[in-house]
Amino acid sequence: MRLSRYFIPVLKENPKEAEIVSHRLMLRAGMIRQQSAGIYTWLPLGLKVLNKIANIVREEQNRAGAIEILMPTIQSADLWRESGRYDDYGKEMLRIEDRQGRDMLFGPTNEEMITDVFRSYVKSYKDLPLNLYHIQWKFRDEVRPRFGVMRGREFLMKDAYSFDLDEDASRAAYYRMFVSYLRTFERLGVKAIPMRADTGPIGGDLSHEFLILADTGESEVFCHSDVMSLPVPAENVDYDDDDLIAGIVKDWTTNYARTDELHDETLWDEVAEGDRMNARGIEVGHIFNFGTKYSSVMGAKVKGPDGVDHEVHMGSYGIGPSRLVAAIIEASHDDNGIIWPESIAPFQIGIINMKAGDAACDAASSRIYEQLTNAGLDVLYDDTDNRAGAKFATMDLIGIPNQIVVGPRGIEKNEVEVKRRGEAEKFTMSPDEAINKFTS
Ligand code: ATP
Ligand code: MG
């Protein structure tokens, strides 16, 4: 992308309304614009990152055997009356009446709807296990929407739902999602620690939250420092091997790791003082196993091998891609701006033409830009006539991980400078070497 033809409405001033660094940087980098409290337009740069995050989430869900669908944002109140949650959900639910006078709502989550989909089609244990997910906007009328997209009212969620014949199979499904979350966060370039969690209004007895450590996190976390160095399973991990998957979950859940909600001082005292980590964290994922809570009231049954109908055992598995954009910035930035992990950077490489209009600089920059783009890389070429200093500041602010600087003096000697965002060292090389560095 040529910056002169793109749309990155960078702000020079620090926005007053932003209390935390990710919100400030997302506004300054022209990623989002607030439309109402907790409701945002995603501008091109923000949307690019959001889509990259959602795609990694999608790939890892698919790898773990989940199947993508898309349910609507607007739901009928009648489904929620079946589970009893229409009344229970309270003021967080945005209720809508259509022209026929029917009660509708903007979905805050989809347990009821997915249970309805399931009961309409699946009648036999032979169709299990089944895990269906979607990546869809949710609305929760939060009391205090704040910190930008970190706690929005409208936000993107990946929510998966597993269906199994019995508790053991359901637990295995839960473990597969647990492992897929470990892989997902690793690929997103962040460390998210699974912590035992409360099941809350969703119900059930098995639940973990995944938290990214950051000073601005809303939760206080207490964990054994060993969890920071546990290995994340590789992409060829065998999801069909229940014992292997359960073993990985065991390794990740043996050490003490809880948020303030479930913190237990007695257990905490058993952790050696030198191993205790007390920090703040941001919840970016939450998984639940809730058994037959919805299937029993909504009549979702399958015929088992014994010829008898069984209420299906379920779990639900959420990740917030829109919150993740902010959470990753909280975990990865410096005084100059965002430092994107390579996997989700809006552009992998930025080219700074220090003297647009200079024939040699233009020619070299264009050539590098075209060759890298043709090689399938996502490249942002700053071809504007802004001052060089402003160009450097913008590339750093928006967090482009690799930068190639083309200047008039260097190009005379057939040289450009290559540097990584967040690192001081610059490498001088020829334009061809720079191209090779990223394409070979
Ligand atoms: P929180 O405790 O932060 O309010 P929650 O426990 O209500 O979140 P879940 O129902 O577990 O959230 O939703 C699954 C995921 O959706 C969360 O882990 C988070 O990543 C995301 N999420 C939930 N609420 C919001 C929100 N208001 N804004 C952005 N993302 C959210
Ligand atoms: Mg939660």
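The values are calculated or read from the model by the stated rules, or taken from the named source; none is laboratory data. Quick caveat: nothing in here was measured; it's all calculated off a predicted structure. Backbone-built Cβ (ideal geometry, glycine too); neighbour counts: all protein chains shown.
In the set (1) among the aromatic types (F, W, Y); (2) over 30 Å from L47 (Cβ atoms); (3) within 12 Å of ligand 1 (Cβ to nearest atom), the condition left unmet by Y121 is number (3). The set of residues in the stretch 274-308 that are among the small types (G, A, S), more than 16 Å from ligand 1 (Cβ to nearest atom) and closer than 27 Å to V57 by Cα comprises A279, G291, S295. Go through F163, F185 for me and flag whichever is within 16 Å of ligand 1 (Cβ to nearest atom), surrounded by 22 or more Cβ atoms within 10 Å (Cβ to Cβ) and either of a type in the set (S, T, Y) or at pLDDT 95 or above (or both). When all the criteria are applied, what remains is F185. Condition test on A173, is it within 16 Å of ligand 2 (Cβ to nearest atom) and buried (at least 22 other Cβ atoms within 10 Å of the Cβ)? No; evaluated as a whole, the condition is false for this residue. Of the residues making up the stretch 80-102, those that are in contact (Cβ under 8 Å) with a residue 40 or more places away in the chain and hydrophobic (A, V, I, L, M, F, W, C) number 2. Scanning the stretch 198-219 for residues that are modelled with pLDDT of 90 or more, within 13 Å of ligand 1 (Cβ to nearest atom) and either of a type in the set (A, V, I, L, M, F, W, C) or part of a strand (DSSP E or B) (or both) gives S207, H208, E209, F210, L211, I212, S219. Once the stretch 314-345 is narrowed to residues that are within 15 Å of ligand 1 (Cβ to nearest atom) and of a type in the set (D, E, K, R), the residue that is nearest to the chain's Cα centre (by Cα) is R323. All of A64, A29 fail the test of being over 28 Å from T216 (Cα atoms), surrounded by 13 or more Cβ atoms within 10 Å (Cβ to Cβ), out of contact with any Cys (no Cβ under 7 Å at 6 or more places or on another chain) and among the aliphatic types (A, V, I, L, M), apart from A64.
Criterion first (part of a loop (DSSP other than H, G, I, E, B), without any contact (Cβ under 8 Å) to a residue 60 or more places away in the chain and under 25 Å from P341 (Cβ atoms)) does G376 satisfy it? Yes: the conditions hold for G376.
Residues checked against (1) within 16 Å of ligand 2 (Cβ to nearest atom); (2) over 30 Å from S4 (Cα atoms):
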| site | (1), (2) |
| --- | --- |
| H286 | yes, yes |
| M298 | no, yes |
| V308 | no, yes |
| R323 | yes, no |
| P346 | no, no |
| A360 | no, no |
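Considering only the stretch 138-154, I want to know if a residue exists there that is more than 30 Å from L25 (Cβ to Cβ), assigned by TED's automatic domain parsing to the domain that holds A54, more than 16 Å from ligand 2 (Cβ to nearest atom) and surrounded by fewer than 22 Cβ atoms within 10 Å (Cβ to Cβ). No, the stretch 138-154 contains no residue that is more than 30 Å from L25 (Cβ to Cβ), assigned by TED's automatic domain parsing to the domain that holds A54, more than 16 Å from ligand 2 (Cβ to nearest atom) and surrounded by fewer than 22 Cβ atoms within 10 Å (Cβ to Cβ).
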